[in-house]
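Beneath this line is the structure, given in structure tokens, with notes to follow.
The values are calculated or read from the model by the stated rules, or taken from the named source; none is laboratory data. No experiment lies behind these values; they were computed from the predicted model shown. In this analysis, Cβ positions are derived from the backbone assuming ideal geometry, glycine residues included, and neighbour counts consider all displayed protein chains.
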Amino acid sequence: MMGRQRGDQSQLFYLFNLEERIPAGHLLHKINPTVTRVLTDLREKLAPFYSDIGRPSIDPELMIRMLIVGYCYGVRFERQLCQEVELHLAYRWFCRLPGNVSAMPQARASNGCSQPRKLEPK
């Protein structure tokens, strides 16, 4: 006999290693070592171009990783890319975002993910 659910049985916390959930054959899993190697010293190289005053900028490594996801999977708009990275666990893993952090918190307050702009050149 099939019974009815008597209450909310959803789990509050999920404990698992996200890297173990991404299959070894997944495109992002394959390109991650190369991207990591290329972006290793990016922050130090770009540091002179960032100001010490004003609002903190978005991490350049996060931006590049998100753009790679967009190009690999045909996500053509910034807002859609932000939504996809928020929802897709493989994208979050590749962008190195923990589960409780928004993909682009500063950009949403400004124009980053609020304007529907194409990511491709005209």
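The figures follow:
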{"quantity": "Any pair with Cβ under 9 angstrom, 6 or more apart, that starts in the stretch 62-91 at a residue that is in contact (Cβ under 8 Å) with a residue 60 or more places away in the chain and ends at one that is among the hydroxyl-bearing types (Ser, Thr, Tyr) and surrounded by fewer than 17 Cβ atoms within 10 Å (Cβ to Cβ)", "calculated": "91/73"}
{"quantity": "Scan of the stretch 86-122 for residues that are in a loop (DSSP other than H, G, I, E, B), of a type in the set (Gly, Ala, Ser) and either at pLDDT 70 or above or in contact with a strand residue (DSSP E or B) (Cβ under 6 Å, 6 or more places away or on another chain) (or both), ordered by number", "calculated": "99, 102, 103"}
{"quantity": "Cβ-Cβ under 6 Å pairs, at least 6 apart or on other chains, the stretch 30-54 side more than 15 Å from residue 65 (Cβ to Cβ), far side of a type outside the set (Lys, Arg)", "calculated": "50/57"}
{"quantity": "From the options 53, 64, residue that is β-branched (Val, Ile, Thr) and at pLDDT 90 or above", "calculated": "64"}
{"quantity": "Where residue 20 falls short, out of the listed (1) modelled with pLDDT under 80; (2) within 18 Å of residue 97 (Cβ to Cβ); (3) loosely packed, with under 10 Cβ neighbours inside 10 Å", "calculated": "(1)"}
{"quantity": "Total residues in the stretch 37-82, condition under 17 Å from the mean Cα position of the chain (by Cα) and among the acidic types (Asp, Glu)", "calculated": "3"}
{"quantity": "Output for the stretch 37-80, where each listed residue is among the β-branched types (Val, Ile, Thr) and surrounded by 13 or more Cβ atoms within 10 Å (Cβ to Cβ)", "calculated": "58, 64, 68, 69, 75"}
